[in-house]
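A.B. asks: I'd like to ask you about the structure that follows.
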Amino acid sequence: MPKAASRDRFDTIFRTPAQAPMPTAEQLAREHIDHLLTAAGWAVQNVVAADIHATRGVALRLSRLEAQLSDAERARVRSSTGGVELKDLSRAIVPALNPAADRSPQEAEDALRQAVRPLAKPQLRRLLLSLKAQKELVIDIVTQDRLLGAEYSEAARERAQALRQVVLARTFAPPGSTCAGQSEHVLTLT
């Protein structure tokens, strides 16, 4: 048997089934970010197959997040969206969801796709996720707390004693007198 024929026979017998190509680093990162967004309560969807009901929730979350942002954070969002504010993005989604608009179903779908297109950018989704995480208080009821230390602190005792002295001095000081920590200028109401 010639060498080439034996090689072909070997490949035929031991060949593994064709596998899907390995995902790129960007695809893996996008899946991870989408998973985090979903865990944070965002509806992550393909722009082509957007669900109208989930998109309404995104518009509400965007407007709520916009109200909590500082000027510096708004500037970061503008740079990620190409100059579009979060409130404008949210305002664009709401009319696209309006079923009363006189348009065909295809036009309505196109309007919705256009409205959510900026959300397809991975850097914007990462930014929105981080801003949302910064603005929300998360109460973890699953993880058990662990005591890191419970030792005597002389400095804490001294601070408590000093505070006690100030409170006692202010409480029992005669009217018109000054005590430690109190200004010489006392306003007396008559």
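The values are calculated or read from the model by the stated rules, or taken from the named source; none is laboratory data. Computed from a prediction, not measured in an experiment: that's the story for all the values here. Cβ atoms come from the backbone with ideal geometry, glycine included; neighbour counts cover every protein chain shown. Areas reflect the complete protein model, heavy atoms only, side chains present, ligands, DNA and RNA absent. Shrake-Rupley method; radii C 1.70, N 1.55, O 1.52, S 1.80 Å.
A.B. asks: Which residues, taken from the stretch 80-114, are among the small types (Gly, Ala, Ser) and either under 15 Å from Arg61 (Cα atoms) or touching a Leu at 6+ places or on another chain (Cβ under 8 Å) (or both)?
C.D. replies: Listed by number, the residues that qualify are Ser80, Ser90, Ala92, Ala96.
A.B. asks: Residue check, Ala111 against (1) closer than 18 Å to Leu124 by Cβ; (2) without any contact (Cβ under 8 Å) to a residue 60 or more places away in the chain; (3) part of a helix (DSSP H, G or I); (4) open to solvent by less than 70 Å² (accessible area, probe 1.4 Å), all met but one. Which one?
C.D. replies: (1)
A.B. asks: Are any residues in the stretch 126-167 under 25 Å from Arg61 (Cβ atoms) and in a helix (DSSP H, G or I), and if so, which ones?
C.D. replies: Correct list: Arg126, Leu127, Leu128, Leu129, Ser130, Leu131, Lys132, Ala133, Gln134, Lys135.
A.B. asks: Right, something else. Which residue pairs have Cβ atoms under 7 Å apart, sit 6 or more places apart or on different chains, and have a first residue in the stretch 59-78 that is among the hydroxyl-bearing types (Ser, Thr, Tyr) and a second that is part of a helix (DSSP H, G or I)?
C.D. replies: Note: pairs meeting the criteria are Ser63/Lys87; Ser63/Ser90.
A.B. asks: In addition: For the stretch 56-104, enumerate the residues that are within 14 Å of Pro118 (Cβ to Cβ), charged (D, E, K, R) and in a loop (DSSP other than H, G, I, E, B).
C.D. replies: Result: Glu85, single match.
A.B. asks: I've got another one for you. It is to be established whether one or more residues within the stretch 96-105 are under 23 Å from Glu26 (Cβ atoms) and either open to solvent by less than 70 Å² (accessible area, probe 1.4 Å) or without any contact (Cβ under 8 Å) to a residue 60 or more places away in the chain (or both).
C.D. replies: Within the stretch 96-105 (the criterion being under 23 Å from Glu26 (Cβ atoms) and either open to solvent by less than 70 Å² (accessible area, probe 1.4 Å) or without any contact (Cβ under 8 Å) to a residue 60 or more places away in the chain (or both)), the answer is no, since none of the residues qualifies.
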